[in-house]
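Peer 1: Here it is, the structure, as structure tokens.
Read-outs: derived from the displayed coordinates by stated rules, not from any lab. Remember, predicted model here, so these are calculated numbers, not experimental data. Methodologically, a virtual Cβ is constructed for each residue, glycine included, from the backbone with ideal geometry; neighbour enumeration extends over all protein chains shown.
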Amino acid sequence: MSVKKIMVIGFGTVGQGFFEMLRAKGKLSPFSGAKIAEIVDMKIGHIREPGPNVIDEIKGGKRFQQKDVVEAIKESDADIVCEFTWVNFKDAEPAHKHMIAALQNGKDVITTNKGPIALRYGELMAEAAKRGLQVKFKGTVMASTPSFNITRLIPGAEVTGIRGIMNGTTNYILARMAEGMAFSAALKEAQEKGYAEADPTNDIDGYDAAAKAAILSNVFGWGHTMSSISVKGIRDVTPEEAANGTKLLVKVDAKQASVSPEKLQDSDILRHVNGVMNAIEISTDTLGKIYSLGPGAGKSETAQAAMSDLAEILNEN
Ligand code: HSE
């Protein structure tokens, strides 16, 4: 089997989680032949042929030669680029330019970065299609817990609408508030657990969930852009409301897309999804409603999504 070389861009929580997971699981059949050949991180530098102890070395203060990321992509002989830089909901940079450079240089792309998939989906998919390449992005919605990808299991079924709890940070905060914890202490816990975005206002004010609604809209061809989605976060939710089944709900179908706190009926499955758990309800024409529930954020939970995308690329090639 030929070796598939991977270039990792961004070596923070998700990048390191992916590195560790591929080290631990790389001998399993879906991944055999794949190896991380290089890592580029704007703070850490350009690491070629990273050794098994590279994370410990970095934690110990080791730094590598600085390298412009787009230049590194152009010079790289990697087959697959994994884009794990920070999210930017304004213009999706720099992740977007990294992904375009990867595609223009003949590399398949895996990302867990919501910015480019929410904001620049059409352009990225067109660039990939032109070259017979793939852009995989499972980790952008509900980490590795099945979400939009479930629909591959029901060929022919039309997805008519989606509701869901898709932000782990706010669902965690609401659950802790329901137990009596103050909002700020609960947010601090969510940050310590690695659920929150670098800028947690994206979680609190609903923009992270709105990006997921935009991604689902892109996948199912409904055409809502992030700026057209009605968004309200959880800042005004009281502890009483949190205890009474109020959740930050994503709703999207062909006609509308919204993110807003909503009090759910006791009979609603989504009301009972607590903590960092996410859940999606997918309405279909042939099967009625189907559900998937599982972790929606976290280091290994998101790294697993990139592993799933990697397995698909390796097995399709
Ligand atoms: N900040 C996000 C969340 C991470 O809390 O759900 C996963 O997208």
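Peer 1: How much mean residue ellipticity at 222 nm does the chain get from its helices, if each DSSP H run of length 4 or more adds -39500 (n - 2.57) and you divide by all residues, to the nearest 500 deg cm²/dmol?
Peer 2: Using -39500 (n - 2.57) per qualifying helix, the result is -10500 deg cm²/dmol.
Peer 1: Related question: With +1 on the Cβ of every Lys and Arg and -1 on the Cβ of every Asp and Glu, and nothing else charged, how large is the dipole of the stretch 148-295 about its Cα centre, in debye rounded to the nearest 20?
Peer 2: Roughly 220 debye for the stretch 148-295.
Peer 1: Stretched out fully, how many nm does the piece from residue 48 to residue 86 gain, at 0.36 nm a residue minus the Cα gap?
Peer 2: 11.5 nm
Peer 1: Something else about it: Check each of the trypsin sites (Lys or Arg not before Pro) in the stretch 27-106 and keep only those in coil by DSSP with at most 15 other C-beta atoms within 10 angstrom; list them in order.
Peer 2: 27, 43, 62, 63, 90
Peer 1: Once the other residues with Cβ under 11 Å from the Cβ of residue 233 are scored (Lys, Arg +1; Asp, Glu -1), what is the net sum?
Peer 2: Its environment carries a net charge of -2.
Peer 1: Mind telling me which of 255, 107, 232 comes out most flexible in a GNM of the chain, alpha-carbon contacts under 10 Å?
Peer 2: 255
Peer 1: Cα gyration tensor of the stretch 238-305, axes a ≥ b ≥ c as square roots of the eigenvalues: rounded (a/c below 1.5), prolate (a/b > b/c) or oblate?
Peer 2: Verdict is oblate for the stretch 238-305.
Peer 1: A follow-up question, please. ³J(HN,Hα) across the stretch 173-186 via Karplus (A = 6.51, B = -1.76, C = 1.60, θ = phi - 60°), whole Hz, x for Gly/Pro?
Peer 2: Couplings: 4, 4, 5, 5, 4, 4, 8, x, 7, 6, 3, 5, 5, 5 Hz.
Peer 1: Cut-off 10 angstrom, C-alpha nodes, Gaussian network model of the chain. Which of 278, 167, 88 fluctuates the most?
Peer 2: Ranking 278, 167, 88 by mean-square fluctuation puts 88 first.
Peer 1: Another question about this same structure. Efficiency by 1/(1 + (r/R0)^6): what FRET value for residue 23 and residue 227, r their Cβ-Cβ distance, R0 = 41 Å, to the nearest 0.05?
Peer 2: 0.50
Peer 1: Please name which of 73, 100, 238 has its Cα lying farthest along the dipole of the chain towards the positive end, using unit charges on Cβ (Lys, Arg +1; Asp, Glu -1) and the Cα centre as origin.
Peer 2: Looking along the dipole axis, the top candidate is 73.
Peer 1: Shifting gears a bit: Excluding residue 310 itself, what net charge comes from residues whose Cβ is under 9 Å from its Cβ, given Lys and Arg +1 and Asp and Glu -1?
Peer 2: Summing Lys and Arg as +1 and Asp and Glu as -1 gives 0.
Peer 1: Taking the chain as the reference, fit the longest principal axis to its C-alpha atoms, fit the long axis of helix 299-316 to the helix C-alpha atoms, and give the angle between the two in degrees, 0 to 90, nearest 10.
Peer 2: Result, in degrees: 60.
Peer 1: Lys and Arg at +1, Asp and Glu at -1: add these up for the other residues within a Cβ distance under 13 Å of residue 187 and post the number.
Peer 2: -2
Peer 1: Could you size up the charge dipole of the chain around its Cα centre, putting +1 on the beta carbon of Lys and Arg and -1 on that of Asp and Glu, and report it in debye to the nearest 20?
Peer 2: 440
Peer 1: Among 196, 303, 206, whose Cα sits farthest toward the positive end of the charge dipole of the chain (+1 at Cβ of Lys/Arg, -1 at Cβ of Asp/Glu, about the Cα centre)?
Peer 2: 303
Peer 1: Please compare each pair in 136/247; 74/136; 97/136; 35/130 to a cut-off of 23 Å on the Cα-Cα distance and tell me which ones are over it.
Peer 2: Over 23 Å Cα-Cα: 136/247; 35/130.
Peer 1: What FRET efficiency comes out for the pair residue 265/residue 184, r = Cβ-Cβ distance, R0 = 30 Å, nearest 0.05?
Peer 2: So, using R0 = 30 Å, E works out to roughly 0.50.
Peer 1: Short version: ³J(HN,Hα) in whole Hz for each residue of the stretch 18-35, in order, from phi by Karplus 6.51 cos²θ - 1.76 cosθ + 1.60 (θ = phi - 60°), x for Gly and Pro, what are they?
Peer 2: 5, 4, 5, 5, 5, 5, 6, 10, x, 7, 5, 4, x, 10, 5, x, 9, 8
Peer 1: Mind jotting down the distance between the C-alpha centroids of the stretch 73-120 and the stretch 183-230, whole Å?
Peer 2: 19
Peer 1: Which residue fluctuates the most in the chain, going by a Gaussian network model with Cα springs under 10 Å, if the choices are 187, 249, 287?
Peer 2: 287
Peer 1: Determine the relative contact order of the chain: mean sequence separation of Cα pairs under 8 Å and six or more apart, normalised by residue count, in whole percent.
Peer 2: About 20 percent, as a whole number.
Peer 1: Now, a different point. Within the chain, what is the longest stretch that has no GluC sites (Glu not before Pro) placed in a DSSP loop and near at most 13 other beta-carbon atoms within 10 Å?
Peer 2: Between exposed loop sites, the widest span is 1-157.
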